[in-house]
Amino acid sequence: MDARSIALLEFPQVRDRLAEHTSFDPSRRLAEALVPSSDPVIVGRGLDETDQARALLSERPGVGIGGAKDIEPLVGRAVRGGRLEPLQFIDVVDTLDAVVRLQTAIADDRRALIRDLGRRLHPLPALRSTLARSFDPAGELLDTASPRLGALRGTVRIAYDRLRRRLDSLVTSELGSALQEPIVTLRNGRYVVPIRAEARSRVKGIVHDASGSGATLFVEPLVVVELGNAWREAQAAVEEEEARILDELSALVAANATLLRESLGALAQFDFWAAKAQLASEMDGVRAETADRTEVVLLSARHPGLTGRVVPIDIRLGDGYTALVITGPNTGGKTVTLRTLGLLSLMHQAGLHIPAAAGSRLPVLRDVFADIGDEQSIAQSLSTFSGHLRSIIRIVEHAGPGTLVLLDELGAGTDPTEGSALAQALLDHFIRSGALVAATTHYAEIKVYAHETPQARNASVAFDLETLSPTYRLTIGLPGGSQAFAIAERLGLPEAIVADARSRLTENQRAFESTLASIRRQEDEIAVAVERARAAEAKAADALRTAEDERRRARRERDEAVRAARDEAQRLVDQLRDDVAAMRRKLERETVTAPAIDAALARADQTLGRLPGPTPEADRSAAPAPPHAWRLGERARSRSGGWEGRIAALEKAGTRATLEAGGLRVSVSVDDLEPAIGPVGAAAGGGSGAAGAAGARRPPAASVEPASGITSMRLQRARSVASSLDLRGARVDEALEALSRYLDDASLAGLDQVTVIHGLGTGALRDAVRALAGSHPLVRGFRAGERGEGGDGATIVRL
C-alpha cells in the first residue's frame, strides 16, 4: 500500500504505541514491521489474532511471556560452533521457563489460533534440566555440571590449602626478619612473600616482582614452588573441564536450535498478539465488520491520536454515494475527519481493532491515498498549490475500484474559480474510476456540485457561534458554512463593515445561507427529540430488564418450591413403601388381625395426607382435557355406577349412551363415561357356593355389574380376614366348617396364600385339613410348612 499516505495518516505513531506494549525484542520487531495489507485473508487472520488474544487476556489477565529473552543471536552462535558464555545459558533457561508457563496457561484453550500457537511451543525438558543443574542463577558452573568437575575443584581446594599453610608457616616463623611485612600476596598467578632487598641472600626462591623503590622483592620460596605448581596444575585441569562442559552444552543448544527458534517465534507471536489486544483495550476499540462491498460505516469513531475530551463522529461512504464533500469553518474538524477515516481503514487492514462503536463496517481496500497538509517546498521551488497538485497527479494515476482517496482543501492555493473547477473535475474523475473519495473544501461551487451530483454528498462540521468554538460533530447531507461573518461580528469587527460584506453577496447566496441556517435549526431540534426518544427507550429497556429479572426470579423460586415438594413427596412415598413392605413381611410371619390392618391403613392415610398438593401455578396452567368423542362399539365404563360394556347406541344428539354386555343394557349419560381398559371377554358364567364366590371375586370383563360393589366387599373382607387360621384344640368337624368359611373369606379378600395351623398331635386334624384343601374349588395347591413356617404342624394353602 502507498507508503507516503501511510505516513501522512500517522499510522507509524499507532505502530509505535503498539511496540510499547511488547515485552521483548522479537515481538517489538514484529510490531515495528506491521503494515496494512490488501489481502482479505491476511486481514481476517490479523483480526482473529487480536480477537482471540483479547478474549484470552480478559479471562486470564496474567498470561504472558515474562522472563523470555531474545536468544536468537546466541542460538546462531552455537549453530556456527561457537562457545556460549554462562550467562547466555541462563537466558536459554529463562526462555524455556517462559515457554513452560505459556504452554501451561493455554493448554486447555479452544481458540483455534491460540491452540495452534501452543503446538509450536517446545519446553525441551531434557535441555532445560541439563542447563539448570549445570549453572546457578548467577551463571556460575555448578559442581554437578559433570562427574569430574566436582572432584577437580576439590583437588584445587586441597592444593590451595597445603600451599597457604606452608606459606603461613614461613611467614610466621621461618623467614622472620627477612620479611618486609608478614603477609602472603599474589604476583603473576603465584603466591609470594615480600622480602627486604638486603636479605635476599637469606631466602632461596624465585623473584616474581619488585617494589617501585626496589626495597622490597616479591619472592616465591623454593620450598613452596612444587606446592604452587600443584595448585596451578589443578586450576588448569578445572579450567579445561569447564571449557569442555561449555563446549558440550553449546553443542546441545545447537542440536535443539530448530525447536528453540520455533518456540522463540511462538513466544514473539503471542506477545505481539497480546500487544494488539492491550492496544485495543487502551483505545476501547472494537473489531470492525469486514464489508462485502466497498462501503464504509464508522459509528462513534475517534482518532487514536486525540487526547482529552474527544467527540466521536459517524462517517458513512459507499452506500448510494462514493464521494463525500466536507465543508465548515477552520479548526472545525474537517481534516481530523479525513485522518480518522484513513487511519481507521489502515488499522483495520493491519489486523487492529479500531476506536469506534460496535456495528462499524470497513471494506478491505486495495490502497489508501491521502493528500493532507501543506506541500510547499522552498528547496524544490514548489508553492502550496503546486505541491498539492504533484501529489494529486500521483493519486490520479493509481486510484480505481477498491481504493480510498482523501483530499484536504481540494482546489485551494490558486484562483478560487479555477480551483473550484479543477476540484469538480477531479471529483468527477474519482467517481468514474470507482474509488471512494472524501474531500474538504471552502468553495461554495463544490457544495453545489455535491448537492447536484447523484454519486456525491455534502457533509459539514458544526460550529458554536456563542463560544466561537467548533463542536466537531459531523453531519452528512448538509453543506457547512465558513461562518466568516458571524465570527467577525463576535470578535468585534465593526458592524457596518460586516453589513457591507453581507450586501456584496448575491441574492442566491444569501437565500442559500438562510436556508442552510433554517435546516440546521431543524436538525438541532430533531437531534434533541431523538436524544429524548433514546433516553425513553433506554428507560423502557431498563424496566423491561427489571421485569424479566423478576420473572426469572419468580420462576426460579417456583422451581425450587416444586423441587422441594417433589423431594418431600418422594420421601413420603418411600416411607409408605417401607411400611407396606414391613406389613407384608409381618403377614408372612404371623397372623395379623383387623386392628393391626386398621392401624397400618391409618398410617398410610396419614402419610398420603402429608403429600404436597399441586401448586396454584400448576392448577392454573392445567388445561381441561378435551371431551371424548364416543363411537358405537367402543368399550366404556360408568364412573358413578361402575357399569362396564360396549356402546350399543348413542341417543339424544350423542348425550346419552346405551351400554350392552351379556344381554343386559344400561342407559347412562356420556359425561359419566370413561374409557374401559381390557379386552371384551366371553359371556359371564354363574355358579353357587364356593364357585359362585370365586365368580364374584373375579367377574368376567364383559359383564355389566357394579364393580364398585365388589371392590367395597373386597376391602371389607381384607380389613377383617387374617392371613392365617389357628385350628388347634378344635374337633375335626368344627375345624373343617371353620376352614371352609375361612377359605371363602380369604378368597373374597383377594389373598393369594394363607397359613392353616393345626398342630402335630395324632395327625388326624392335619389329614382332614389337607383332604379338604385338596378338594376345595378355590384352592390351587397346598404344602406342609417349612422351617420357620411351623413345619408339619401347619399347612400352606395357595388360593
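The values are calculated or read from the model by the stated rules, or taken from the named source; none is laboratory data. Bear in mind that the values here come from a model prediction, so they are computed numbers and not experimental data. Cβ: placed from backbone, ideal geometry, glycine included. Neighbour counts: every protein chain shown. We work out accessible area using only protein heavy atoms, side chains counted, and drop any ligands, DNA or RNA first. Shrake-Rupley method; radii C 1.70, N 1.55, O 1.52, S 1.80 Å.
One line per residue, one yes/no per condition, for (1) in contact (Cβ under 8 Å) with a residue 12 or more places away in the chain; (2) out of contact with any Pro (no Cβ under 6 Å at 6 or more places or on another chain); (3) among the aliphatic types (A, V, I, L, M); (4) open to solvent by 20 Å² or more (accessible area, probe 1.4 Å):
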{"residue": "Leu736", "(1), (2), (3), (4)": "yes, yes, yes, yes"}
{"residue": "Arg741", "(1), (2), (3), (4)": "no, yes, no, yes"}
{"residue": "Asp744", "(1), (2), (3), (4)": "yes, yes, no, yes"}
{"residue": "Val756", "(1), (2), (3), (4)": "yes, yes, yes, no"}
{"residue": "Val769", "(1), (2), (3), (4)": "yes, yes, yes, no"}
{"residue": "Pro777", "(1), (2), (3), (4)": "yes, yes, no, yes"}
message = Quick check on region 432-452: of everything there that is over 15 Å from Ile476 (Cα atoms) and under 45 Å from the mean Cα position of the chain (by Cα), which residue is surrounded by the fewest Cβ atoms within 10 Å (Cβ to Cβ)?
response = Gly434
inquiry  = Looking at Ala7 and the list (1) of a type in the set (A, V, I, L, M, F, W, C); (2) in a helix (DSSP H, G or I); (3) surrounded by 16 or more Cβ atoms within 10 Å (Cβ to Cβ), which single condition is not satisfied?
reply    = (3)
query = Name the residues in region 285-309 that are more than 32 Å from the chain's Cα centre (by Cα) and in contact (Cβ under 8 Å) with a residue 40 or more places away in the chain, would you?
reply = Thr294
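Residue-by-condition table, conditions (1) touching a Ser or Thr at 6+ places or on another chain (Cβ under 7 Å); (2) over 30 Å from Glu445 (Cβ atoms); (3) not basic (Lys, Arg):
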residue: Gly318; (1), (2), (3): yes, no, yes
residue: Tyr321; (1), (2), (3): no, no, yes
residue: Asn330; (1), (2), (3): no, no, yes
residue: Leu346; (1), (2), (3): no, yes, yes
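If a residue must be among the small types (Gly, Ala, Ser) and not in a helix (DSSP H, G or I), how many such residues does region 420-455 contain?
Number of matching residues: 4.
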key: Inter-residue pairs, beta-carbon under 7 Å, first under 16 Å from Ala439 (Cα atoms) and part of a loop (DSSP other than H, G, I, E, B) and in region 389-410, second among the hydrophobic types (A, V, I, L, M, F, W, C) and open to solvent by 10 Å² or more (accessible area, probe 1.4 Å), 6+ apart   = Leu410/Leu426
query = Which number in (1) more than 30 Å from Ser134 (Cα to Cα); (2) open to solvent by less than 50 Å² (accessible area, probe 1.4 Å); (3) assigned to a helix (DSSP H, G or I) marks the one condition that Ala230 misses?
reply = (1)
Count - residues of region 143-182 that are at pLDDT below 85, open to solvent by less than 70 Å² (accessible area, probe 1.4 Å) and among the β-branched types (Val, Ile, Thr) = 1
ask   = Only one of (1) modelled with pLDDT under 95; (2) open to solvent by 30 Å² or more (accessible area, probe 1.4 Å); (3) among the charged types (D, E, K, R) is not met by Glu220, so which one is it?
value = (2)
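Across region 13-56, what is the number of residues that are open to solvent by less than 30 Å² (accessible area, probe 1.4 Å) and either assigned to a helix (DSSP H, G or I) or farther than 13 Å from Ala268 by Cα (or both)?
Summing the residues that are open to solvent by less than 30 Å² (accessible area, probe 1.4 Å) and either assigned to a helix (DSSP H, G or I) or farther than 13 Å from Ala268 by Cα (or both) in region 13-56 gives 17.
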Test: residue in region 462-484 that is within 24 Å of His303 (Cα to Cα) and modelled with pLDDT of 90 or more = no
query = Does any residue of region 388-409 turn out to be buried (at least 21 other Cβ atoms within 10 Å of the Cβ), out of contact with any Phe, Trp or Tyr (no Cβ under 9 Å at 6 or more places or on another chain) and modelled with pLDDT under 80?
reply = yes
request  = Go through the residues of region 758-767 one by one and say whether even a single one is more than 22 Å from Lys586 (Cα to Cα), open to solvent by less than 40 Å² (accessible area, probe 1.4 Å) and either in a strand (DSSP E or B) or in contact (Cβ under 8 Å) with a residue 40 or more places away in the chain (or both).
outcome  = no
note = When every residue in region 233-246 that is open to solvent by 40 Å² or more (accessible area, probe 1.4 Å) and not acidic (Asp, Glu) is compared, the one farthest from Leu186 (Cα to Cα) is Arg244
message = As an exercise: evaluate Gly434 against (1) within 29 Å of Leu362 (Cβ to Cβ); (2) of a type in the set (Gly, Ala, Ser); (3) touching an Asp or Glu at 6+ places or on another chain (Cβ under 6 Å) and give the number of the one condition it does not meet.
response = (3)
